[in-house]
Structure formats: structure tokens, C-alpha cells
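Below is one structure; the comments refer to it alone.
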Amino acid sequence: MTSSRSPALPVAGPALAAGPGDPPGARPPASGELSRRGLLAYGLLGLPLAFVALPLYVLLPNHYAREFGMPLATLGAVLLAARLFDAVSDPLLGRLADYLFGRSVRSVLAVGAGSAVVLALGLWALFFPAVRGEDALVAWALVALLVTYTAYSQLGIAHQSWGARLGGDELARSRVVAWREAAALVGVVVASVLPALAGLPAMVAVFALALALGWWAWSCGPRPDAAAGASARAAAGHGAGGLADLWRPWTKPGFRRLLAVFMLNGIASAVPATLVLFFIQDRLQAPPAQEPMYLAAYFVSAALSIPLWLRAVARWGLARTWLAGMLLAISVFVWTATLGTGDAMAFLLVCALSGAALGTDLALPGALLAGVIAAEGDSGRHEGAYFGWWNFATKLNLALAAGLALPLLGVLGYTPGARSEEGLQILSLAYAVLPCALKLCAAAALYFFLILPHAMNAARSPQRPTEGTPP
């Protein structure tokens, strides 16, 4: 997703050395740079991981409510329970990732392969349950969600930690994340149109194939520093790896500040992600054939915007560019509250413009986190712990959005398929106004927690900032 004139990605030091016990053919170029081919090989797994996220977090609630008639309160309780379990397990899965990296890169890949198989089977079980009846369906959905979420989280955290371990400066880290997220956007676009065009069985089959190809490319791509893995094993041999390592990220002020911004911004995104299909079907009353068009416009715009945002990073830095994306999202999405029946084209424009703002949410926070890890001296040893808590925050946002927003809408008078003006107004406020208010809080937190302190430190100490500190 970068320009053909863009230079190959520079990576500091030996960060591209092969892992212990890895075959020579898997090693990256000796030049110490990640080529576009290497970036693609690493990032490709992001496609199926994002592909499956859309069915799990966006399509599934609507599918169970409309196809199986599951009440919103019951559905919200199931999703809340499963997503809370998913969120709580992420820090432990992050610790598992650090342990596996400490053993060898082969161990990471082997466990990832097992998770991929479970994930594909779990997605099939969720959309094609083998039981009927409300109680049996609730139990089936809950168990299938727990298993599928665990496999999804293990694979995703390992993949994110792998990317952070590739090293590099600020722009290099943002490019690694950008290639992963660009592939993810392709996966989301495919997942948004495939069910309507080919049906749910085809969606699951395509996902399984993409997951196999993504894992294979990952196994053939650039590998983290072997010296870092040896350092992690040495640390484990001296007593590291217990609760202290699990909670280590919380002892770092830089991580706590960044996570606060990330969570505020994440809940602002999770609410509309949960409600988007309800808004399209009931508020806009758009025909089902148009639903993929809106999702595709949103995610294609995000993919196309990433190279532009990377150029902005080179000029403004990561944090200021993220702030610009937040403000753009607010200024565009707030107009959604004024839309109603027949405003299909206006909503399409909102999707495209807010999708462009999404590019910063995808490419920049993970790069900022990698910078915090580097600044704290934890590179090559504790990435899994950091990304475990990072994913915990993401899942907690999604759990709160589904577990609180859906039942609250029901209490306030909205019912899927109903067209009462009062219920639709409540839906519009929840879908458009609440996320903008939360996004504004996130923008303020970003400015006061990251940008302003950095500017004040730079004014007191005009020397060049330390590598890895957020701008």
C-alpha cells in the first residue's frame, strides 16, 4: 500500500536475524532492510485476522437477532460474557507469546498453526449451529464464542508481538504496522461483500483458505532478532516470567497514558461498529443489497488513506497525525445524526470520509506502543505482555459496546425492525452522537497526555528526542 518510489523499510541493528533453530531459507536479506516482499509476507496474516473480526463483531449479533430471534437482552448478555472472558484472557495469552518467543520462533509458529485450525472451525460452528431452541442456542453460542475468541486472540497477539520485535525507528515501525493493517483492510472489505454475494458458507471457506495462506507467508517472512530471543530465555532462567512480567506494562507511565487514549478512542469506535447494521436497516431503511457498499466504502477509503497518513507521520510525528485523524473523524461522523430514510448517498459519503480518518486508528496506535516498548527497554523480551493488555483494552471496549449498548437501546424503546420515530431517534443518538463525544474526549486525552508533555520536555531539553518516544 505504499508508493512504488518508497524506499525499503530500514530496520535498526540485527532485528531481522533469523530466530533460533530457523531454516536458512527463512532468513531476510543480509542488507538489514525489510523489502516490500518481506513487509507483505509479515503483514498478509492481517488479512484473515481482520476478515474474521467482521463476522465475529459486526455480523454475528445481527445474524443471531434476525435469523434465530434471540432477544437483544439475551444476545447482549452472551456477547458481554464471551467478550469479557476474551478480554481477561488476553494478558495471559500475551505472557504465553513471550514464553513462546523465548523458546524459539518455531514454537510461535507451531502454536499459531493450531490456533488457526481452531479459529476456522469455530467460525463455522458460530454461523451454522448444530442445535435449535433458545436455551441450547445460547449455550452453543457462548461456548463457540469462548473457543473462537481464544484462538483468534492467541494468533493475533503473537502476530502483533512479532511485528514489534522487528525493530526500527518511528517511521519504520509505522510502516510495519501499516502493511499489516493494509492487509487487514483488504480482509475487512472482502468480508463485508462476500456474505451478500456468495453466502455464509463461501465466507467461511474463503476465510479458511486465506488463513492458511497467511500463516504460510508469515512462516516464510522476516523473523525477529535471535539475540532478543536468547535474552528472553536468559531472563526466564533468572526468575522472570511470573506475575511481575504479566503486570510489568502497568508500571510504565508511558504505557498507562497511551492506553488511556487508546481505550477512549476504542470505545468511540466500538459503539458504531456494533450498531451499524441496525442503523442501515432501520434508520436509513436501505435495501440489504446496499449494506456491503457502505462497509466497502468505509474500509477501502481507510486503505487508500494509509500511505497519505504515513507521509503525515514523517512531517508531524505519530501522535499529532493521530490527533488529526481523530478530529477529521468527529467533523465528518457527527453529521450522521441528521440522516434518515432515503439518505443513502449522504451516508455513503460519510462512510468514505470517516473511513479516511480510520487510517490513523489502524496504523498509528500500534506504532506508538512499539515506541513505548522500545523506550522502556523492553524490546525483545516483553512485547507479548504489552500487546496482551493492549488487546485486553480492545476487547473490553467491544464487550462494553455490545453488552451495554444493545440492552440499553432495548430499554429506551428501540427494537430491531421497528420503525417508531422515538426508537429511531434513540438509535441515531447512540450510533452517531455518543461516539463523537467519546472521540472528542480521546482527542483531548491524546493532546494532554502525550503531545503537550512531549512539547514541554522538548522546550526544556532541545536536544533530539530519544529513539522510541512518542512525538
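Compare the peptides 149-159, 209-219 by average per-residue count of other Cβ atoms within 10 angstrom and give them in order, highest first. Intermediate values should be presented prior to the final figure.
Values: 149-159: 24.3, 209-219: 19.4.
Answer by packing, highest mean first, reads 149-159, 209-219.
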Q. At q = 0.22 Å⁻¹, what log₁₀ I(q)/I(0) does a Debye calculation on the Cα points of segment 31-171 give, no solvent, two decimals?
A. -1.35
Q) What whole-number value in cubic angstrom gives the convex hull volume per residue for the C-alpha atoms of segment 272-370? A) 90 Å³
Q. Mind checking the angle between helix 344-363 and the chain's longest principal axis? C-alpha axes, 0 to 90 degrees, to the nearest 10.
A. 20 degrees
Q) Where the only charges are on Cβ atoms (+1 Lys, Arg; -1 Asp, Glu), what is the dipole of the chain about its Cα centre, to the nearest 20 debye? A) 1120 debye
Q) Per q in 0.19, 0.31 1/Å, what log10 I(q)/I(0) does a Debye calculation on the alpha-carbon atoms of segment 174-229 return? A) -0.79, -1.19
Q) What's the extension gain from LEU197 to ALA244 if we count 0.36 nm per residue and subtract their Cα-Cα distance? A) 12.0 nm
Q | Sequence-distant residues sharing a close amide H with LEU34 (under 5 Å, placed H) | A | LEU9, VAL11
Q. Can you give the charge dipole size of segment 339-471 about its Cα centre, rounded to the nearest 20 debye, using +1 on the beta carbon of Lys and Arg and -1 on the beta carbon of Asp and Glu?
A. 180 debye
Q. With every protein chain in place, what's the accessible area of TYR99 (1.4 Å probe, Å², nearest 10)?
A. 130 Å²
Q | Summed residue charge, Cβ within 10 Å of THR321's Cβ, Lys/Arg positive, Asp/Glu negative | A | +3
Q) Along the positive direction of the dipole of the chain (beta-carbon charges: Lys, Arg +1; Asp, Glu -1; about the Cα centre), which of ALA442, LEU47, SER161 reaches farthest? A) SER161
Q) Once the convex hull of the C-alpha atoms of segment 288-441 is built, how many Å³ does it hold per residue, rounded to a whole number? A) 135 Å³
Q. So what are the radius of gyration and Dmax for the Cα set of segment 155-196, in Å?
A. 12.9, 42
Q: Provide the descending list of Cα extents for segment 298-356 along its principal axes, expressed in whole angstroms.
A: 42, 19, 10
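Looking at the P(r) of segment 101-176, how many percent of alpha-carbon pairs lie beyond 17 Å?
Numbers: 1612 of 2850 pairs.
Tail of P(r) above 17 Å: 57 percent of Cα pairs.
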**Q.** Table column - 3J(HN,Hα) (Hz), segment 441-455, Karplus curve with 6.51, -1.76, 1.60, x for Gly and Pro
**A.** 4, 5, 4, 5, 5, 4, 5, 7, 8, 10, 6, 5, x, 5, 5
Q) Angle between the Cα long axis of helix 226-237 and the longest principal axis of the chain, 0 to 90 degrees, nearest 10? A) 90 degrees
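Return the inverse of the average 1/r over all pairs of distinct C-alpha atoms in the chain, which is the Kirkwood hydrodynamic radius, in Å to one decimal. It would help to have the intermediate numbers written out before the result.
Details: mean 1/r = 0.0443 Å⁻¹.
Kirkwood hydrodynamic radius for the chain: 22.6 Å.
Could the peptides 127-140, 252-265, 280-293 be put in order, highest first, of the mean number of other beta-carbon atoms found within 10 Å of their residues?
Going from most to least packed, we get 252-265, 280-293, 127-140.
What accessible area per residue comes out for the chain, rounded to a whole number of Å², with a 1.4 Å probe? Before the final figure, lay out each step's value.
Values: 18420 Å² over 471 residues.
Heavy-atom SASA per residue in the chain reads 39 Å².
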Q: Using only C-alpha positions, report the orientation-averaged shadow area of the convex hull of segment 393-462, nm², one decimal.
A: 6.1 nm²
Q: Any chance you could tell me what percent of the C-alpha pair distances in segment 331-406 go past 21 Å?
A: 54 percent
Q: Rank these residues by their accessible area, most exposed first, probe 1.4 Å: THR74, THR360.
A: THR74, THR360
Q. What are the radius of gyration and Dmax of segment 129-225, computed over its Cα atoms and given in Å?
A. 17.2, 55
(Q) To test your reading of the geometry: what angle, between 0 and 90 degrees and rounded to tens, separates the Cα axis of helix 170-198 from the longest principal axis of the chain? (A) 30 degrees
Q. Ranked highest first by the average count of other Cβ atoms within 10 Å around their residues, in what order do 108-119, 376-387, 417-428 fall?
A. 376-387, 108-119, 417-428
Q) Sorted by accessible area (1.4 Å probe), largest first, how do CYS220, CYS436 line up? A) CYS220, CYS436
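The values are calculated or read from the model by the stated rules, or taken from the named source; none is laboratory data. Here the structure is a predicted model, which is why all the values come from computation and not from measurement. Don't worry about glycine lacking a Cβ; one is built from the backbone with ideal geometry, like all the others, and counts go over all protein chains shown. With ligands, DNA and RNA removed, areas are computed over all heavy atoms of the protein, side chains included. Shrake-Rupley method; radii C 1.70, N 1.55, O 1.52, S 1.80 Å.
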